[in-house]
Structure formats: structure tokens, C-alpha cells
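A short write-up of the structure that comes next.
The values are calculated or read from the model by the stated rules, or taken from the named source; none is laboratory data. Just so you know, these numbers come straight off a predicted model, no measurement behind them. Positions of Cβ are backbone-derived with ideal geometry, glycine not excepted, and every protein chain shown enters the neighbour counts.
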Amino acid sequence: MKIDGLFEVAFKVKDLEVSSKFYQEVLGLKKGHYDEKRRWLFLWVGNDNGMVVLQEDKGSWPRQHFAFRVGENELNGLKEYLESKDIVVEGPVTLGWMNAVSVYFPDPDGHGLEFCAIRDFKRQRTSRN
């Protein structure tokens, strides 16, 4: 079996309108499909490289963590941009074990998000095989 990558991540949110606004207006994800019956919003990441699915659920559930891959030259500008939106950002943090640098921040529901810049990605992939 050969897996080429991760295409979609789905997670629960308390208020679909609030989360939709954050992911589209702040992070720039693009609307793909809205399932009105289930109250799920599918959002494209990057150049249609994958999807985030916001699933409204008013119950209780654990917070999740996931990272968006970005270029290292973008990281400081992204941090400044998030801070200009009054979002608390941690980092940049160097991750020596994977030759990367990241910044961390929450979404409106407290899910832990990350912008991760992997340095020399091709070399890292080859060395893991």
C-alpha cells in the first residue's frame, strides 16, 4: 500500500457561522460544499490540495490539533497577520527532529492550529524511507 498524502480532516465546531467566518475570512479557505441537513461545511485548503470539514455539534467533544504546511518565508508574515486579528500566537518554534519551524494558534473553539514550515522537505521524506 502507498499513501500519497492526507486529503481531508473533519472536526466538530460549536457554531458553524463563527467557525466558517474564521476559516474563510481569516485563514482564506474557500467554500467547497455546504451540507445544510448535517450542518457540515467543506472548505478547500490551498490550491484544492485538501479539505477541512467543519461539523457543527453543540455537544461536548475534545479539542483537536492539526497543521497547515506553509513556506518558511511566509511564517513571520502569517504570525503578524494573525496577531493583527487579535489572535494569540506562540512561536516561531523550531522542531529539530523534523527540520521544521512552526507557529501555533487557536481557532474559535480552541482547536490547536499550526502553520508548519518544513525545511528541505524532499530530503526529510527520503531519509524516512
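Observations on the structure shown:
- When residues of region 10-26 are limited to those that are touching a residue at least 60 places away in the same chain (Cβ under 8 Å) and not charged (D, E, K, R), the one farthest from I87 (Cα to Cα): F11
- The set of residues in region 16-51 being part of a helix (DSSP H, G or I) and among the polar types (S, T, N, Q) consists of S19, S20, Q24.
- Scoring N76 on the criteria (1) in the same structural domain as L113 (by TED's automatic domain parsing); (2) in contact with a Phe, Trp or Tyr (Cβ under 8 Å, 6 or more places away or on another chain) leaves a single failure, condition (2).
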